[in-house]
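Read-outs: derived from the displayed coordinates by stated rules, not from any lab. Note that this is a predicted model, so its numbers are computed, not measured.
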Amino acid sequence: MADDSKVTLDLLFEQSNRVLAEIREVRDEMREQRQRLAAIETELASTRIEIGHVHAGIARLDTRLDRVNDRLDRIDTRLGLVNETAPQ
C-alpha cells in the first residue's frame, strides 16, 4: 500500500508540474498579446492624430478656395462678365 501511495504522489507531482508549465506558457502568450495590443493601440492613436492633421489641412484648403472663389467673383464683376444681381 505504501508503494501505491508513492506512485500516486509521484503522478500527482508530475501532473502538477505539467499544469504549472502550461500556465507559464499561457502567461507568456498573454504577455505577448498584451504587448501586441499595446502596439496596435499606439499605432491607432498615431493614425487618429494623422487623420486630424488631414482634416485640418482640408479645412485650410477650403478656406483658401473660398478666398479664391470670392476673388474670381470680384474680378468677373469688374470685367462685366457676370451680372451683380445673379445668384451665387
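Comparing Glu14, Glu25, Glu50 in a Gaussian network model of the chain (Cα springs below 10 Å), the most mobile by mean-square fluctuation is Glu14. Extension gain, Asp62 to Met30: 0.36 nm times the residue separation minus the Cα-Cα distance gives 6.8 nm.
A Gaussian network model of the chain, with springs between Cα atoms under 10 Å, assigns the largest mean-square fluctuation among Ala21, Ala56, Ala45 to Ala21. Remark: the chain projects, on average over all directions, an area of 9.8 nm² (convex hull of Cα atoms).
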